[in-house]
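All remarks here apply to the structure that follows.
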Amino acid sequence: MQTYKQTFEPPSPSTTTPGFDTLVVGAGFAGAVMAERLATQAGHRVLVVDQRPHIGGNAYDRHDDAGLLVHPYGPHIFHTNSNEVFEYLSRFTAWRPYQHRVLASVDGSLLPMPINLDTVNRLYGLKLSAFELDGFFASVAEKVEAVRTSEDVVVSRVGRDLYNKFFRGYTRKQWGLDPSELDASVTARVPTRTNRDDRYFTDTHQSMPLHGYTRMFEAMLRHPRIHVMLGTDYRDIVHLVPWKRMVYTGPIDSFFDHRFGKLPYRSLQFEHVTVAPPAPGGFVQTVGTVNHPNDHLYTRVTEFKHLTGQQHAQTSLVYEHPRSEGDPYYPVPRAENTALFKRYEALSEQVSDVTFVGRLANYKYYNMDQVVAQALVSFKRLQQTPALNTPAGAA
Ligand code: FAD
Ligand code: UDP
């Protein structure tokens, strides 16, 4: 991997043949997978450009001033059911098994989230068995004709009281919208359990990159045919550097200069704090993340040492404060936004030399593994394109 500084020095990929086969916009999961595949499998010369001063996109991690490994753009926990995705990424990193656990601060107690048998028993002072919990949920669940919204999903499963205590406030804070205004898919990400399983995810693969995400991205992009240019908006170089194809992983509405209007994105402000835990080398929280559905302006607090397994006298936490303005972190899943995205998607289908990959380019609430899977599929599709098989300068 070769990197270039913010000041523009047009990279020359070869002394004999100028130009790149592919310009990849964005050095996150979507861009890194595409660059790696194109360079190693299609023999392409690839220029990866990112406006940020680092690779990794939102999954970027780094050591803070105290030497603690932190995720500047919020906690990233890797989990997937896809063997293909896990095996692909395993070429670039070793792993540390990690199962994420979350507690929700409700009515003065810290209770397991997703809602499970212990959550209900502790909240209501009951002694239900796993067999009885289904009946309990059935007795409190609301009848919903067609489950359409994020409110419908929850009240039809666990009733109004649990909805109000665990979901309504959190969702209103996180999205600036009532759950009734959001697609069902948003709160459906969080399951309900009748057993005592208190893991946040149940995927077959749950691990963190052993040396962090950035190290993994470095390994993906370390190839003589991959050049990385950081701190550069692609618009500043797109007409200066010759390229044949583009892979675009930024916001799709921005690519088309917001022609049909802006797509809404939800943003966050991350408040990072590094503190001395009660016991040296210990923790402030008993689990990786504590959610605050009803108290405070932030939604959740994550303590990185749980995720990374790092041993350190101090500990570092991040508080997530939802914002309407700022970096585009979350597409906002609701019908009117999907309709607007579809108009941009139709435009994107007319731009034959650009492939749109990733969470922002597809306006989909994708997890990391879904972005990797989508990029692998996009590459395979591109491989079948005749143009891809004639790299610039191919002898
Ligand atoms: P990004 O990582 O956003 O990369 C796109 C890149 O394009 C960015 O680096 C951007 O700077 C660059 N770019 C955009 N426009 C331009 C331009 N004009 N010129 C140059 N560069 C440009 N997923 C999980 O699986 N587990 C988690 O625990 C998890 N936690 C998350 C927590 C938070 C707070 C957030 C916001 C997301 C989380 N995700 C998680 C989702 C995960 O971050 C994404 O799925 C993944 O990072 C998306 O990768 P991407 O390459 O599509 O986009
Ligand atoms: N959610 C909630 N209460 C919680 C956790 C999640 O209401 O304690 C809702 C909320 O709308 C959130 C969504 O479920 O945005 C998805 O949660 P997830 O933890 O998957 O969010 P992410 O990690 O993507 O921010």
Review point. Relative to the longest principal axis of the chain, what angle (0 to 90°, nearest 10) does the C-alpha long axis of helix 29-41 take?
Key: 40 degrees
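Would you mind counting up the charge near Tyr319? Only other residues with Cβ under 13 Å from its Cβ, with Lys and Arg at +1 and Asp and Glu at -1. Spell out each step's value before the answer.
On the way: positive: Lys173, Arg300, Arg323; negative: Glu271, Asp295, Glu303, Glu320.
Counting the neighbours of Tyr319, the net charge comes to -1.
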Review point. How would you rank 77-83, 22-28, 336-342, highest first, on the average number of other Cβ atoms within 10 Å across their residues?
Key: 22-28, 77-83, 336-342
Review point. Could you give me the ³J(HN,Hα) list for region 123-140, computed from phi with Karplus coefficients 6.51, -1.76, 1.60 and θ = phi - 60°, whole Hz, x at Gly and Pro?
Key: 5, 9, x, 9, 10, 5, 8, 4, 5, 7, 5, 4, x, 4, 4, 4, 6, 9
Practice item. Between the alpha-carbon centers of region 303-321 and region 229-246, tell me the distance in whole angstrom. Key: 36 Å
Practice item. Take each of the peptides 138-148, 294-304, average the number of other beta-carbon atoms within 10 Å over its residues, and list them starting from the highest. Key: 294-304, 138-148
Review point. What shape does region 337-378 take by its C-alpha gyration tensor, where a ≥ b ≥ c are the square roots of the eigenvalues and a/c under 1.5 counts as rounded, a/b above b/c as prolate, and the rest as oblate?
Key: oblate
Practice item. Only Lys, Arg, Asp and Glu count, each charged at its Cβ (+1, +1, -1, -1), so figure out the dipole size of region 247-339 about its Cα centre, rounded to 20 debye. Key: 120 debye
Exercise for review: Could you tell me which of rounded, prolate or oblate describes region 122-211, using a ≥ b ≥ c as the square roots of the eigenvalues of the alpha-carbon gyration tensor, with rounded for a/c under 1.5 and, failing that, prolate when a/b is larger than b/c and oblate otherwise?
Suggested key: oblate
Study note, to complete from the structure: Counting Lys and Arg as +1 and Asp and Glu as -1 over every other residue whose Cβ sits under 11 Å from the Cβ of Phe379, the net charge comes to +2
Check your understanding: With θ set to phi - 60° and the Karplus curve 6.51 cos²θ - 1.76 cosθ + 1.60, what are the ³J(HN,Hα) couplings of region 96-105 in order, to the nearest whole Hz, using x for Gly and Pro?
Key -> 10, x, 8, 10, 7, 10, 10, 10, 10, 8
Practice item. With θ set to phi - 60°, apply the Karplus curve 6.51 cos²θ - 1.76 cosθ + 1.60 along region 63-78 and write out the HN-Hα couplings as whole Hz, x wherever there is a Gly or Pro. Key: 8, 7, 4, 8, x, 8, 6, 10, 10, x, 9, x, x, 10, 10, 8
Revision key, fill the gap. Between the Cα axis of helix 368-383 and the main Cα principal axis of the chain, the angle (0 to 90°, nearest 10) is 30 degrees
Revision key, fill the gap. Quick calc, region 75-229, dipole around Cα centre from Cβ unit charges on Lys, Arg (+) and Asp, Glu (-), nearest 20 debye, gives 560 debye
**Study point:** Cβ-placed point charges (K, R +1; D, E -1), dipole of the chain about Cα centre in debye, nearest 20
**Key:** 460 debye
Review point. What's the local net charge at Thr274, with K and R +1, D and E -1, over the other residues with C-beta under 10 Å away?
Key: -2
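On average, how much accessible surface per residue is there in the chain, in Å², for a 1.4 Å probe, leaving out ligands, DNA and RNA?
Averaged over the residues of the chain, the accessible area is 45 Å².
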Review point. What whole number of Å gives the distance from the Cα centroid of region 62-135 to the Cα centroid of region 142-192?
Key: 19 Å
Practice item. Show the residues, 5+ positions off or on another chain, whose built amide H is closer than 5 Å to the amide H of Val48. Key: Val24, His227, Val228, Met229
**Study point:** Packing-based order for 39-45, 375-381, 126-132, using average beta carbon neighbours within 10 Å, highest first
**Key:** 39-45, 375-381, 126-132
Practice item. Rounded to the nearest 10 degrees, what's the angle between the helix 335-348 long axis and the longest principal axis of the chain, both from Cα atoms, 0 to 90? Key: 10 degrees
Revision key, fill the gap. Heavy-atom accessible area of the chain with neighbours in place, 1.4 angstrom probe: carbon+sulfur share in percent works out to 50 percent
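The values are calculated or read from the model by the stated rules, or taken from the named source; none is laboratory data. Since this is a predicted model, take the numbers as computed values, not measurements. Cβ coordinates were reconstructed from backbone atoms using ideal geometry, including for glycine residues, and neighbour counts include every protein chain displayed. When the accessible area is computed, the model is the full protein with side chains, heavy atoms only, and any ligands, DNA or RNA have been set aside. Shrake-Rupley method; radii C 1.70, N 1.55, O 1.52, S 1.80 Å.
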